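The values are calculated or read from the model by the stated rules, or taken from the named source; none is laboratory data. As the structure is a computational prediction, the values presented were derived from the model and not from experiment. Here Cβ is always computed from backbone atoms with ideal geometry, including for glycine, and neighbour counts include all displayed protein chains. When the accessible area is computed, the model is the full protein with side chains, heavy atoms only, and any ligands, DNA or RNA have been set aside. Shrake-Rupley method; radii C 1.70, N 1.55, O 1.52, S 1.80 Å.
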Amino acid sequence: MTQSVVVQVGQCGNQVGCRFWDLALREHAAVNKKGIYDEALSSFFRNVDTRSAGDGPDIYKGKICSLKARALLIDMEEGVVNEILQGPLRDVFDSKQLITDVSGSGNNWAVGYKVYGCQYRENIVEKLRKTAEHCDCLQCFFIIHSMGGGTGSGLGTFVLNLLEDEFPEVYRFVTSVYPSGEDDVITSPYNSVLAMKELNEHADCVLPIENESLFDIVNKIHQMVNSGKLGSTVKPNSLVTSSAGITKTVQEKPFDAMNNIVANLLLNLTSSARFEGSLNMDLNEISMNLVPFPRLHYLVSSLTPLYTLADVNIPSRRLDQMFSDAFSRDHQLIQADPKHSLYLACALLVRGNVQVSDLRRNIERLKPSLHFVSWNQEGWKTSLCSVPPVGHSHSLLALANNTCVKPTFMELKDRFMKLYKKKAHLHHYLQVDGMEQGCFSEAISSLSDLIEEYNELDATKSGLRTAPSRLKIAV
């Protein structure tokens, strides 16, 4: 059995990571009734003997003693990590696998990457190696971070770079939360574009997620609950209730529900690595089958049913409807409509009591409405995991390598250029040691090249691509 390590960086990364571990424990508790440490648990958790002093030895068989997440928590402000360590999950994290500071990165990519990266490099490498040593067969690093702030964007991509240097054979999956246009961090376009250059060069797969899409989804769920369409009750132990049992409204604190969506995405993504199924998909198969070109590794994700994320009492979606939902605009985790764009490849990760025949029937039904590149018309990868999400009969995660991600990058480029043309806020970055104006021009050039690659693919869909010039031979 393979293992994966989660590296959560910055405020957003640690909040999403905390939700992931909570949900993962609930899922395993629902399946593992006897409390035995099995292969499913070993993929993301160590079983540590706490009876001995210090860092106790791992127990590979028998009863669960003390589960420790295969995780590294990094934040240059200690508030969120301290909150986690005082919460119900405090015993799940190894206190030696935390790296915090007090001053933060001040919403500045350069401080996160250049300053804290250099300062904490050895410490980060040491803790990554320590985590890797506890794995029999380390297959993947999951990085969770946001693009808009300083620590998530700067130190997050610095860690990504480190992982490529130190563990070149281990896959690097990055979950990146992109800021909305109304973001309260004025410098977020700078941070995002600088971070994207690193993602382009060092990630194997990136799952881009937009705050705006998450907020829209949470709003729709609350509207439907309040209108009575989904049933007016929220479950007593719901994830949208606080520890005191008081229901949180979207106006009060929407981030908890938004973080749940991202955590559920990761839960479904890793389900085949954690549980048995008739058609399991290894994590390395996602990169191998969905990324035909090294830089075009941005996978648009959609999740259905979304209502699992609200923990409301509702009937399950019909299976065929679930497949249709996965390709609708409302279920995408970025502001995009994949049906009207070009697919390079698509993966369907299904959980629950679903047959291979159901999968094939729905793919054949959906095929006519989807546009695939001419050289990969059968570009489908499928997975069936027999264990459904807690409280539901089935679920579906769709991962699409699709040109619909291009408008997100174009909008980001426009927001960057508005600031950069005026050289606004540039001095905050240039006063950091090792940061030069050339870093900005290289970053925007990298993003422009990426957009152009998507343009070339889109041109093949519309038939606008000109024929390549041929070698002329003089007679």
Next item on the list: Using the structure shown, list the pairs from K114/K197; K96/K130; K418/K461; K68/K127; K339/K367; K197/K413 with a Cα-Cα distance above 19 Å, or answer none.
Entry: K418/K461
Note to self: Please give the Cα centre distance for the stretch 29-43 versus the stretch 178-205, rounded to the nearest Å.
What the structure shows: 37 Å
Item checked: Accessible surface of the stretch 407-461 [probe 1.4 Å, protein heavy atoms]: carbon and sulfur percent -> 50 percent
Check: Once fully extended, how much extra length lies between D330 and E166, figured as 0.36 nm per residue of separation less the alpha-carbon to alpha-carbon distance?
Finding: 55.1 nm
Checklist line | Protein accessible area in the stretch 3-406, 1.4 Å probe - carbon and sulfur % | finding: 49 percent
Next item on the list: Please give the contour-minus-distance gain from Q86 to K418: 0.36 nm per residue of separation, less the Cα-Cα distance, rounded to one decimal in nm.
Entry: 115.3 nm
Notebook entry, point to check: Where does the chain land at 222 nm, in deg cm²/dmol rounded to the nearest 500, when only DSSP H runs of n ≥ 4 count, each adding -39500 (n - 2.57), divided by all residues?
Noted result: -12500 deg cm²/dmol
Next item on the list: Mind putting a number on the dipole of the chain about its Cα centre? Charges go on the C-beta only, +1 for Lys and Arg and -1 for Asp and Glu, and I need it in Debye to the nearest 20.
Entry: 1140 debye
Notebook entry, point to check: In whole percent, what relative contact order does the chain give with Cα contacts below 8 Å and a gap of six or more residues?
Noted result: 15 percent
Item checked: Solvent-accessible heavy-atom area per residue, rounded to whole Å², over the chain at 1.4 Å -> 43 Å²
Check: With each pseudo-label sitting 7 Å past Cα toward Cβ, what's the A29-K367 distance in nm, one decimal?
Finding: 4.4 nm
Next item on the list: Just the ratio, please: alpha-carbon radius of gyration of the chain over 2.2 N^0.38 Å, N its number of residues.
Entry: 0.97
Notebook entry, point to check: Put +1 on the Cβ of every Lys and Arg and -1 on every Asp and Glu Cβ in the stretch 407-461; which of A424, F409, I451 then has its Cα farthest towards the positive end of the dipole?
Noted result: A424
